[in-house]
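For reference, the structure is listed below as C-alpha coordinates.
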Amino acid sequence: MITVDTRGLTLYSPLIPAITALCNAPKGEKLEIIMENLEAFQDLKEYLSEQGIGFREIYDGEEMTLQFTIL
(Lines give C-alpha, C1' and ligand atoms only; values in the text may rest on other atoms or scores of the structure.)
Protein backbone atom coordinates (compact mmCIF):
# COMPACT_ATOMS: atom_id res chain seq x y z
CA MET A 1 0.00 0.00 0.00
CA ILE A 2 1.27 3.45 -0.94
CA THR A 3 0.56 6.11 1.69
CA VAL A 4 0.56 9.80 0.79
CA ASP A 5 0.40 12.09 3.82
CA THR A 6 -0.54 15.63 2.80
CA ARG A 7 -1.06 16.98 6.32
CA GLY A 8 0.74 20.23 6.95
CA LEU A 9 1.24 21.13 3.28
CA THR A 10 0.73 24.86 2.93
CA LEU A 11 2.82 25.88 -0.08
CA TYR A 12 0.57 24.15 -2.65
CA SER A 13 -2.59 22.11 -2.90
CA PRO A 14 -2.57 18.71 -1.21
CA LEU A 15 -4.16 17.41 -4.40
CA ILE A 16 -0.83 17.62 -6.23
CA PRO A 17 0.95 14.77 -4.37
CA ALA A 18 -2.32 12.79 -4.19
CA ILE A 19 -2.95 12.94 -7.95
CA THR A 20 0.76 12.33 -8.68
CA ALA A 21 0.63 9.11 -6.64
CA LEU A 22 -2.62 8.12 -8.33
CA CYS A 23 -1.12 8.62 -11.81
CA ASN A 24 2.16 6.83 -11.01
CA ALA A 25 0.77 3.80 -9.19
CA PRO A 26 0.47 0.56 -11.15
CA LYS A 27 -2.90 -1.12 -11.64
CA GLY A 28 -3.94 -3.12 -8.60
CA GLU A 29 -1.91 -0.95 -6.19
CA LYS A 30 -3.66 0.18 -3.02
CA LEU A 31 -3.38 3.85 -2.10
CA GLU A 32 -4.05 5.68 1.14
CA ILE A 33 -4.29 9.48 1.01
CA ILE A 34 -4.26 11.32 4.35
CA MET A 35 -5.53 14.92 4.35
CA GLU A 36 -6.61 17.67 6.68
CA ASN A 37 -7.88 20.02 3.94
CA LEU A 38 -11.63 19.39 3.61
CA GLU A 39 -11.97 21.12 0.25
CA ALA A 40 -9.18 19.05 -1.33
CA PHE A 41 -10.61 15.90 0.28
CA GLN A 42 -14.03 16.57 -1.29
CA ASP A 43 -12.41 17.30 -4.66
CA LEU A 44 -10.49 14.02 -4.58
CA LYS A 45 -13.62 12.07 -3.64
CA GLU A 46 -15.47 13.67 -6.56
CA TYR A 47 -12.63 12.81 -8.96
CA LEU A 48 -12.50 9.18 -7.81
CA SER A 49 -16.29 8.87 -8.18
CA GLU A 50 -16.14 10.31 -11.70
CA GLN A 51 -13.45 7.74 -12.58
CA GLY A 52 -15.54 4.88 -11.17
CA ILE A 53 -13.01 4.15 -8.44
CA GLY A 54 -14.57 2.96 -5.19
CA PHE A 55 -13.01 4.24 -1.98
CA ARG A 56 -13.18 3.99 1.78
CA GLU A 57 -13.46 7.18 3.87
CA ILE A 58 -11.95 7.33 7.36
CA TYR A 59 -12.47 10.32 9.64
CA ASP A 60 -10.36 10.94 12.74
CA GLY A 61 -10.97 14.40 14.16
CA GLU A 62 -9.74 16.89 11.57
CA GLU A 63 -7.80 14.19 9.71
CA MET A 64 -9.44 12.44 6.74
CA THR A 65 -8.19 9.39 4.86
CA LEU A 66 -9.22 7.86 1.55
CA GLN A 67 -8.24 4.29 0.74
CA PHE A 68 -8.72 2.84 -2.73
CA THR A 69 -7.26 0.48 -5.31
CA ILE A 70 -6.06 1.64 -8.73
CA LEU A 71 -8.13 0.03 -11.50
Leading residue by the ranking (surrounded by the fewest Cβ atoms within 10 Å (Cβ to Cβ)) among those in the range 38-71 that are among the aromatic types (Phe, Trp, Tyr) and at pLDDT 95 or above
59
If a residue has to be farther than 19 Å from residue 63 by Cβ and surrounded by 15 or more Cβ atoms within 10 Å (Cβ to Cβ) to count, how many in the range 21-34 make the cut?
2
When only residues in the range 3-20 that are surrounded by fewer than 18 Cβ atoms within 10 Å (Cβ to Cβ) and among the aliphatic types (A, V, I, L, M) count, which is nearest to residue 69 (Cα to Cα)?
19
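The values are calculated or read from the model by the stated rules, or taken from the named source; none is laboratory data. Please read all numbers here as calculations on a predicted model, not as lab measurements. Glycine also receives a Cβ, built like all others from the backbone with ideal geometry; neighbour counts cover every protein chain displayed.
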